[in-house]
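Readers should treat all values here as calculations from the given coordinates under stated rules, not as data from a laboratory. Here the structure is a predicted model, which is why all the values come from computation and not from measurement. Here the Cβ positions follow ideal geometry from the backbone for every residue, glycine too, while neighbour counts run over all protein chains shown.
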Amino acid sequence: MKRLFVANWKMNKTRAETREFLSRFYELAADFASNASVTVCPPFTALDCASAFLGAQSNVRFDLGAQNIHWEGNGAFTGDISGAMLLDFGVKSVIVGHSERYQYFGETPGNVSRRAAAALKIGVRPIICVGEKREDFEAGRSKDVVLHQLQESLEQIPEIADGSIVIAYEPVWAIGTGLAATPEIAEGMHRAIRTVLCERFGKTGGESVAILYGGSVTPENIASYIAQPNVNGALVGGASLVAEKFAALVQGGSN
Ligand code: PGA
């Protein structure tokens, strides 16, 4: 399986800033190892210019993702974005169920599952996020919480094709805090997630799913995560905002 590195820009970057990042990152990406697969997820408002920029280059070594998707194809959903709109920009992947959506926007695992199913239906790869809060971690119930959230998030997905979904384990207490989970904690959770995926989608299906770790990943610590057998890449926030930094992270994780 290729190693997957996903840049989650969250609510950052105007179009001009997006173009600036991409032109630098495009140059740096020419040196990426062949086992590295890279996705950049700008905010919706920058997808058009990102797509135009990438369309004008040759041998682009990364693709475009988005940060959310509505489960309906169109309709009266003020402020929302459909899969068809994402496809318009050549989006290949979409993050669903990020913990910030739960924390600030009332996200639920049931709706995450509908979003993921809607993405799969149109050939966009959902990156389904799961993760426990600090109080769950401290109470020693991380696995119960995360595996339950995972089952609920997969409810609308009866089957998968190889590699058609991605899971990102992001402990909420590790996001943007500098308090990354240890590689051992990440591996323990990823192994448990893998077991659930294999039970649900069969051994071949379950083993085809990339499981990413997210939460304060940096160019300095990426190698320690990637060394774990069930960590197949990373979902990166803060360290993905500067082209040189994110390129160093991709390289550190794919050497
Ligand atoms: P962080 O964010 O890398 O800034 O911790 C990760 C994420 O929220 O996806």
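Of the residues SER93, GLY131, TYR104, the one whose Cα sits farthest towards the positive end of the charge dipole of region 66-168 is SER93 (charges of +1 on Lys and Arg Cβ, -1 on Asp and Glu Cβ, taken about the Cα centre). Shown here for region 16-87: GluC sites (Glu not before Pro) in loop regions (DSSP other than H, G, I, E, B) with at most 15 other Cβ atoms within 10 Å, namely GLU72. What FRET efficiency comes out for ALA139 versus PHE77 if R0 is 45 angstrom and r is the Cβ-Cβ distance? Round to the nearest 0.05. That gives a FRET efficiency of 0.80. For region 11-114, trypsin sites (Lys or Arg not before Pro) meeting the loop criterion (DSSP other than H, G, I, E, B) and having at most 16 other Cβ atoms within 10 Å: LYS92. Over region 112-229, Cα pairs under 8 Å with separation of 6+ residues give a relative contact order of 28 percent. Given R0 = 22 Å, the distance between the Cβ atoms of VAL242 and ILE185 translates into a calculated FRET efficiency of 0.25. Cβ crowding within 10 Å, taken as a proxy for footprinting-reagent exposure, orders MET11, MET189 from fewest neighbours to most as MET11, MET189. Mean separation of Cα pairs under 8 Å and 6 or more residues apart, divided by the residue count, gives the chain a relative contact order of 21 percent.
Computed on region 60-180, with alpha-carbon pairs under 8 angstrom and 6+ residues apart, the relative contact order is 25 percent. Overall dimensions of region 65-123, expressed as equivalent-ellipsoid semi-axes from the Cα gyration tensor (√(5λ), whole Å, largest first), are 18, 12, 11.
Taking every lysine pair in the chain that is 8 or more places apart or spans two chains, those with Cα atoms closer than 19 Å amount to 7. Sparse packing (at most 14 other Cβ atoms within 10 Å of the Cβ) combined with a DSSP loop state is found for the following chymotrypsin sites (Phe, Trp or Tyr not before Pro) in region 60-130: PHE77.
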